[in-house]
Amino acid sequence: MKKVLIVLVITLLLASCSQDKGKEYMINGNAEGIHNGIRVRLAKIDEKGQQIIKDSAIVMDGKFSIKGSVEEPSVYFLSADGSPGNVVFMLENSDIDIDFNKETPMESKVTGSESNKSYEAFQNGMLEFREEGDAIMSEFRELGEEPAPQKRDSIRKVMEDLRQRQAAYPLKFVQENNDSYFSLNLIQLESSRAGFDIVKYKEAYEGFPKDLKESKRGQIVKQKLDELYKQYEKTAYLEVGKIAPNFESQTPDGKLVNLNDLKGKVTIIDFWAAWCGPCRRENPNVVKAYEQYHDKGLEIIGVSLDGAPNQKDPKKAWLDAIEKDGLEWNHVSSLMYFNDPVAKQYNITSIPATYILDEEGKIVAKNLRGFALERKLRELLGNP
């Protein structure tokens, strides 16, 4: 009986050891060309967006190793003193081999991490966009300093299409790869970017397997999405597809202009100010759009956020900017800076900002610039 108990205890110990081994990672680094004594550092990003060093190792004879454990697969960074940049990879509890590229760490080869395959697939997709962009710019440079207008515009259209596809790629990747820890990390990363589509990302998250949603990372992502969705609900009436809320404001000579009076025409609501450099630089594009499409039914109503604390005479600055920039459309303002009632109604926190409305007053696009604005107007009103 005593022998049976001893065998049983040994068996349990061996099983325990085996399980513990499965809960550890071992990074085996090949650092060819890196001098002895160079320190390699393993880091991650914390909840505040700060990079935190988790471990390090010294390179000896072109090798290094780092051992530890993680609760679940997550994005980590590996760097070597004196080398530019990091190796970005998904760290999980497994044997991971890294061939460290000291010249370009981002191009280091990582094997042994199943979750890293998803990250590599995403990076390969981004690389394709970069290569496509390089090819377009190379074609543009070959045209010389003054390419024909039609050819130049054609290349601009292709480049704009590329930008839009690249911007949509992270969401598309998450939707098509909702069974990976990397996709959870990607949602968390994208959630801090401007233009984050909370509705579609929230829908994508709901399609993740239960175990991923209940993981630590999954719960962090859920909390972030819930917070963003609450914010979204407060301004959901301003989303594309909604009827733009009506407003009434004063022109420079004190008359009232009502947005609903412009219904029946494609309308741009342009939030700007005389003090806003980017707004003034964008004004020539808006003038060009107005000249091309006004006769086809385009109206613009400029809402000025002049009245900044450092403006001595905001009304004069407003009127001077209208005249100097040649803005020959409707203009309104309360000269209350960002406290302008229309700006607050439209949740304007930075300028320039635009809303594009169709003939029914429905919001069809927001914050379009340059060629993107021109393309949307051509879609709504036809060729100029």
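The values are calculated or read from the model by the stated rules, or taken from the named source; none is laboratory data. Quick caveat, the model's predicted, so the values are computed rather than measured. As a convention, Cβ positions derive from the backbone with ideal geometry for all residues, glycine included, and neighbour counts pool all protein chains shown. Ligands, DNA and RNA are excluded from the accessible area calculation, which covers all protein heavy atoms including side chains. Shrake-Rupley method; radii C 1.70, N 1.55, O 1.52, S 1.80 Å.
In region 339-384, Cα pairs under 8 Å separated by at least six residues give a relative contact order of 23 percent. A protection proxy built from the mean count of other Cβ atoms within 10 Å ranks the segments 304-313, 86-95, most packed first, as 86-95, 304-313. Taking the C-alpha atoms only, the angle from helix 114-142 to the longest principal axis of the chain is near 40 degrees. Kindly express, to the nearest 10 degrees and within the range 0 to 90, the angle between helix 149-176's C-alpha long axis and the longest C-alpha principal axis of the chain. Helix 149-176 sits roughly 50 degrees off the main axis of the chain. Dividing the alpha-carbon radius of gyration of region 209-323 by 2.2 N^0.38 Å (N being the number of residues), what value is obtained? Dividing the Cα Rg of region 209-323 by 2.2 N^0.38 Å gives 1.54. Could you work out how far helix 2-22 tilts from the main Cα principal axis of the chain, as a 0 to 90 degree angle to the nearest 10? The helix 2-22 is inclined about 30 degrees to the chain.
Taking all protein chains in place and a 1.4 Å probe, what share, in percent, of the accessible surface of the chain do carbon and sulfur account for?
Values: 10680 of 21790 Å².
About 49 percent, which is the carbon plus sulfur part of the accessible surface.
For the chain, relative contact order (Cα pairs under 8 Å, six or more residues apart, normalised by length) works out to 11 percent.
Per-residue Karplus couplings for region 236-246, computed as 6.51 cos²θ - 1.76 cosθ + 1.60 with θ equal to phi - 60°, are listed in order as 4, 5, 9, 6, 4, x, 8, 6, 5, x, 6 Hz, Gly and Pro entered as x. Under Stokes-Einstein, with the Kirkwood radius over Cα pairs as Rh, the value for region 298-384 at 20 °C and 1.002 mPa s is 149 µm²/s. Taking a ≥ b ≥ c as the square roots of the eigenvalues of the Cα gyration tensor of region 99-173, is the shape rounded (a/c under 1.5), prolate (a/b larger than b/c) or oblate? Oblate, because a/c is 1.5 or more while a/b does not exceed b/c. Reported to two decimal places, what Rg/Rh ratio describes the chain when computed on Cα atoms with Rh from the Kirkwood expression? Rounded to two decimals, Rg/Rh equals 1.11.
Over region 111-243, the pair-distance histogram of Cα-Cα distances with 5 Å bins from zero comes to 2, 9, 16, 16, 15, 12, 11, 8, 6, 4, 1, 0 percent, rounded to whole numbers. The mean accessible area for residues of the chain, using a 1.4 Å probe and ignoring ligands and nucleic acids, is 57 Å² per residue.
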